[in-house]
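The values are calculated or read from the model by the stated rules, or taken from the named source; none is laboratory data. Just so we're clear, the structure is a prediction, and the values are computed from it rather than from any experiment. Cβ placement follows ideal geometry from the backbone for every residue including glycine, while neighbour counts extend to all protein chains displayed. Protein only, heavy atoms only, side chains kept; ligands, DNA and RNA dropped before computing areas. Shrake-Rupley method; radii C 1.70, N 1.55, O 1.52, S 1.80 Å.
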Amino acid sequence: MREEVVPVQAFPLYPGWPKKKGAAREVDFGAVEKPGMLWYTPLVNQAPRARQKPARGEAGANTPMRQTYARVDLARLQDNVRILRGALPPGTKFMAVVKADAYGHGMVPVARAAAAAGADAFAVALAEEGAALREEGIGEPILVLSGLGPTSAEEAVSHGLTLTVYTPEQVRDAQAACGRAGTTAHVHLKLDSGMNRIGARNEGEAADVLDALAHAPRLRLEGAYTHFACADEDDQAITDSQLERFTRLKEMLPAGLTLHASGSAGVLRRADAHFGLVRSGIAMYGYPPVDTALSLLPVLSWHAEVSHVKTVLPGEFVSYGATWAADRPTRVATVSVGYGDGFSRALSNRGVLLIGGMRCPVLGRVCMDMVMADVTHAGPVRPGDDAVLIGEQGGERVTAQDMARMLSTISYEVLLGISPRVPRVYA
């Protein structure tokens with residue numbers, strides 16, 4: 001039985017791309033239904049449409065023409081939202097962070113699914129992202145986390161977005177944008193409690209913004225917030241200091257504002273910083289940044305197809321630069337994915353794929369569109385078999401965090417690095 005979470009309809013490949021007359025390119029999607037899944041394949045510059053392609057053991061399965069895809073489990077995402085909301089005190093609202101195309105998962109389908117699971121609001125980085133959500137029918141409050149200039153402010157107010165302000169100039173820009181649009185807007189004051197990125201840093205700067213707001217009748221100050229730099233670290237001294245500073249700064253604010261400070265790490269670790277709202281990004285996608293007893297599961301898996309299998313003899317090499325050579329007869333599978341898809345070239349001779357239910361090491365350099373792996377011990381691997389880059393197969397598992405460790409980075413960057421030419425499949 002299929003539970004339809006996301007209706008089949010077009011949405012932008014790149015959130016915020018203009019649909020206005022004179023836009024450089026228009027974006028549309030071809031959608032093909034399969035029981036339990038929705039396939040979205042970009043139709044940009046004649047990119048391939050979905051087609052009928054029989055899969056092994058399943059006649060006539062609908063699959064994208066691309067031989068790699070990312071599967072996004074929206075039911076699992078909804079479970080994560082419910083679990084995180086359930087860990088909050090009564091009255092604390094849940095803001096789902098869907099910036100950067102929902103961390104590579106697909107902003108519009110994720111937002112729809114999260115809203116259905118109880119998300120109270122959304123956070124984006126850009127006005128264009130919030131505008132794209134509005135144009136797709138998302139009605140919940142949407143906070144733009146970045147400071148906006150005059151043009152972006154106009155885009156934000158015209159789509160009913162909540163603006164972040166932390167300078168008098170931003171207040172004046174937002175007031176002017178509202179005047180031109182003949183509307184009003186909600187704003188949140190960003191307070192810099194120590195991260196030194198953006199925000200009013202002290203009482204004087206905050207007072208200047210509050211004074212500007214007092215002379216901006218089209219703006220309503222609705223909330224104030226900060227962001228922790230080290231909430232995911234074992235040593236909480238810096239977070240303690242930031243929380244104390246935020247607590248001091250908020251005393252000069254009007255009563256009744258929605259206050260928020262915690263991202264995913266703070267949600268899981270700092271109950272004393274939940275306030276009236278929390279913002280959750282990476283934990284919602286199944287990668288909690290700190291240890292937790294909550295059963296949060298990864299939402300995205302990444303698959304590619306084995307396109308060729310051969311035996312490489314001792315002394316023969318694999319891929320560019322001949323950086324790997326066989327010292328024994330080795331069964332080598334070529335897999336249809338590469339650094340052009342976001343499978344980093346830094347995984348050359350160190351990455352792992354799951355093929356035939358086994359962990360298969362990457363051999364040689366990752367190519368733009370292909371990668372090779374040792375399948376000697378993976379059984380009778382054949383062209384058309386599934387290779388898992390992120391996900392589970394046969395009891396084995398590779399996560400975005402595992403890949404991030406190999407790359408000396410974080411799971412966020414791995415998930416965001418999966419390129420737009422990899423179709424997202426929604427289940």
Cα-only Rg/Rh for the range 312-367 with Kirkwood Rh rounds to 0.95
Need the C-alpha centroid separation for the range 281-302 versus the range 225-265, integer Å. 23 Å
Could you calculate the FRET efficiency of Asn196 with Ser408 from 1/(1 + (r/R0)^6), where r is the beta carbon distance between them and R0 is 22 Å, rounded to 0.05? 0.35
Give me the net charge of Arg350's neighbourhood, meaning all other residues with Cβ under 15 Å from the Cβ of Arg350; Lys, Arg count +1, Asp, Glu -1. +2
Global size of the range 181-230 as Cα Rg and Dmax, reported in angstrom: 12.3, 41
What the 5 Å binned alpha carbon P(r) of the range 220-351 shows, as percent of pairs per bin from 0, is 2, 8, 13, 13, 10, 8, 7, 8, 8, 7, 6, 4, 3, 2, 1
First compute the accessible area of the range 275-318 with a 1.4 Å probe, then give the percent of it belonging to carbon and sulfur atoms. 58 percent
Just to check I understand the Karplus step: with θ = phi - 60° and J = 6.51 cos²θ - 1.76 cosθ + 1.60, what whole-Hz values come out for the range 183-188, glycine and proline as x? 9, 10, 8, 8, 9, 10
What number comes out for the charge environment of Ala176, summing +1 per Lys or Arg and -1 per Asp or Glu over other residues with Cβ under 15 Å away? -1
In the range 329-370, carbon and sulfur make up what percent of the accessible area (probe 1.4 Å)? 54 percent
Accessible area per residue for the range 266-309 in Å², computed with a 1.4 Å probe and the full protein assembly in place, what is it? 32 Å²
Nearest 0.05, what FRET efficiency do Ser419 and Asp208 give at R0 = 45 Å with Cβ-Cβ as r? 0.60
Taking a crude spin-label model, label points 7 Å out from Cα along the C-beta direction, the Glu396 to Ala293 distance in nm is 3.4 nm
Yeah, the range 114-244 with a ≥ b ≥ c from its alpha-carbon gyration tensor (a/c under 1.5 is rounded, else prolate when a/b outruns b/c, oblate otherwise) is oblate
